[in-house]
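Here, each number is a calculation from the coordinates, and none is a lab measurement. Keep in mind that this is a model prediction, so the values were computed, not measured. So basically every Cβ, Gly included, is an ideal-geometry build from the backbone, and we count neighbours across all protein chains shown.
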Amino acid sequence: MKLVFFGNPKFASDSLEFLINKNYNIELIITNPDKKQGRGQKLSPSNVKLIANKYKQKVFEINSLNNEKLIKKLHSINPDIAIVVAYKYIPKNIFTIPKIATINLHASILPKYIGASPIQYTLLNGDKTSGLTTFVVNEKIDEGKIIYQKKIPIDDKTTYDSLYKELSSLGGEVLDKSINLLKNKHPLKTQDIKNKVLAPKIKKEDFIIDWNNSAINIHNQIRALSYKGAFSKINGKRIKFFETYFINKTKNNINLKYPGDFIIKDTIYIKTGRGYLIVNKIQIEGKNITNVNKISSNSLFNKNKFK
């Protein structure tokens, strides 16, 4: 069976490495060209390219899929299945090339969280489960027939970073199962699109904390956006929050009047629109992430009010 693979980040490269180690015949790997990154603006390859090079696989680097050379190459390969993981929209003149199907690995239990940010919305909404779905790519984004789904339990302390890592580690296994189901002509499941939930791309403003929200919603926002950090400001400085939890009442008879008011003890207690947010780690603008017990003497926090 001949495969081609489309992907860029670690979420895709973990799956790619799994399939290579399972001795799948991957004829071509399509990924983005090297990008300038970091302070030195050095060219860095995608995670998928790194894995491809590690195993001496053929790579096609491209920014736009509207490319005759790529299309001719795919037709010449005549793949059985194309696999898409954490990549851009695949147009019809490409997804119809494989003999069996083009399949996508998506980080949610579809039709819940269709779109670019399924992991973030799983956590923003306080879900108790997450998972992976493989589906057959069609002209509608994330709405193709389902091949296979794997659910996993999560709790209210799961962060984006930990969930991304866990789902990423399961991706190869799920793709392996899906390829075998397709090979054996296992029946596919049509999605109930009436029940779809959208997960649009996260915007810059989504990282700003509104202290009038409830403590549980703010906690969910912080853990959902832990890869960059949800933030507030104090004395003009941006403060990012990590390792949080929520309570309805404080145990220490702390009386804070307005949302955004806080007090530093062993942790930070912050008054919200409903309940209190407990913060164990923060990142002051321009500094590294630090434990709260190391910042109690910092004059920046004298005003005791986040905005």
* Structure fact -> In nanometres, the difference between 0.36 nm per residue of separation and the alpha-carbon distance of LYS233 and GLU139 is 29.5 nm
* Asked: Taking 0.36 nm per intervening residue step and subtracting the Cα-Cα distance, what contour gain separates SER214 from SER44 on full extension?
  -> 57.1 nm
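Pull out the extension gain between GLU68 and ASN93, defined as 0.36 nm times the separation in residues minus the alpha carbon to alpha carbon distance; nm, one decimal. Write down the numbers at each step before the final one.
On the way: separation 25, 0.36 × 25 = 9.00 nm, distance 1.06 nm.
Going from the current span to full extension adds 7.9 nm.
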* In whole Hz, with x marking every Gly and Pro, tabulate ³J(HN,Hα) for the stretch 277-293 from phi via Karplus 6.51 cos²θ - 1.76 cosθ + 1.60, θ = phi - 60°. => 9, 9, 10, 9, 9, 9, 9, 6, 3, x, 10, 7, 5, 9, 5, 4, 5
* Once amide H atoms are built 1.01 Å from N in the peptide plane, which residues 5 or more positions from GLU143, or in another chain, come under 5 Å H to H? -> ASN138
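Per the Kirkwood formula on distinct C-alpha pairs, the Rh of the stretch 173-245 is how many angstrom?
15.9 Å is the Kirkwood radius here.
Distances longer than 23 Å among the Cα atoms of the stretch 2-198: what percent of all pairs is that?
Details: 8324 of 19306 pairs.
Of all Cα-Cα distances in the stretch 2-198, 43 percent exceed 23 Å.
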* Asked: Where does helix 215-224 land angle-wise versus the long Cα axis of the chain, in degrees 0 to 90, nearest 10?
  -> 40
* Around LEU188, which amide H atoms from residues at least 5 apart in sequence, or from another chain, sit under 5 Å from its own amide H, with H modelled in the peptide plane? -> none
* To do: Order the peptides 214-227, 53-66 from the highest to the lowest mean number of other Cβ atoms within 10 Å of their residues.
  => 214-227, 53-66
* To do: Compute the long axis of helix 160-183 from its Cα atoms, compare it with the longest principal axis of the Cα atoms of the chain, and write down the angle in degrees, 0 to 90, nearest 10.
  => 20
* Structure fact -> All alpha-carbon distances of the stretch 76-169, grouped into 5 Å bins from 0, give the whole-percent distribution 3, 13, 25, 21, 15, 11, 6, 3, 1, 0
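Which percent, nearest 5, of DSSP beta bridges in the stretch 2-198 are antiparallel? If you can, show how the numbers build up before the last one.
Working: 15 of 35 bridges.
Taking every DSSP beta bridge within the stretch 2-198, about 45 percent pair in antiparallel fashion.
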* Sorted from fewest to most neighbouring beta carbons within 10 Å, what does the list SER44, SER117 look like? -> SER44, SER117
* To do: Quick one: what are the phi-derived ³J(HN,Hα) couplings along the stretch 49-64, Karplus 6.51/-1.76/1.60 with θ = phi - 60°, whole Hz, x for glycine and proline?
  => 5, 4, 5, 4, 5, 4, 9, 6, 8, 6, 10, 10, 9, 7, 8, 10
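Please compute the Kirkwood hydrodynamic radius over the stretch 101-245, one decimal place, Å, based on all pairs of different Cα atoms. Don't jump to the answer; show the numbers that get you there.
Numbers: mean 1/r = 0.0613 Å⁻¹.
By the Kirkwood definition, the hydrodynamic radius is 16.3 Å.
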* Which angle from 0 to 90°, rounded to the nearest 10, does the C-alpha axis of helix 68-77 make with the longest principal axis of the chain? -> 60
* To do: Describe numerically, in nm with one decimal, the distance between label points set 7 Å from Cα along Cα→Cβ at LYS151 and at LYS265.
  => 3.9
